[in-house]
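Where a number appears in this text, it was derived from the coordinates with a stated rule and is not lab data. Being a predicted model, the structure only gives us computed values, none of them experimental.
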């Protein structure tokens, strides 16, 4: 039976969960994820777990924060004045905003999650929403195709 190897194109279905059971992402057989092993289309630990699997095989893979989206960094929390958002936005806890940030003399649009609101300020979190979490993936291999050398 063919096993997934580096450079293969692998089609998978999966459910990504947090340790508390909250589902954060899925790919079904009707809407699968297609990756090329070696391209780091998924975190390296997940890719390594897929290598050696066969079509129809199912595996549970746990990723520590350093293997997924990294640890949470407290310095990525920032308090900003509400008036910088203008009158069109009424920020609410959990809302995802696209904010302009200057880094190395360049301006970038970056996502930030509103974590606290006050009358004149809001606190936003620039960490990835999955940073600091252990992630559990329930993966099933749907197909394996060799890619051209």
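Give or take rounding to whole Å, what are the principal axis extents of the alpha carbon atoms in the stretch 34-102, in descending order?
Each principal axis gives a Cα extent; for the stretch 34-102 these are 55, 24, 23 Å.
Computed over the Cα atoms of the chain, what is the convex hull's projected area averaged over all directions, in nm²? Spell out each step's value before the answer.
Details: hull surface 48.4 nm².
Result: a mean projected hull area of 12.1 nm².
Could you work out the per residue convex hull volume over the alpha carbons of the stretch 74-125, in cubic angstrom? Please report the intermediate quantities before stating the final value.
Values: hull volume 4.2 nm³, N = 52.
Hull volume normalised by residue count: 81 Å³.
If you average the alpha carbon positions of the stretch 127-142 and of the stretch 56-112, how far apart do those two centres end up, in angstrom?
17
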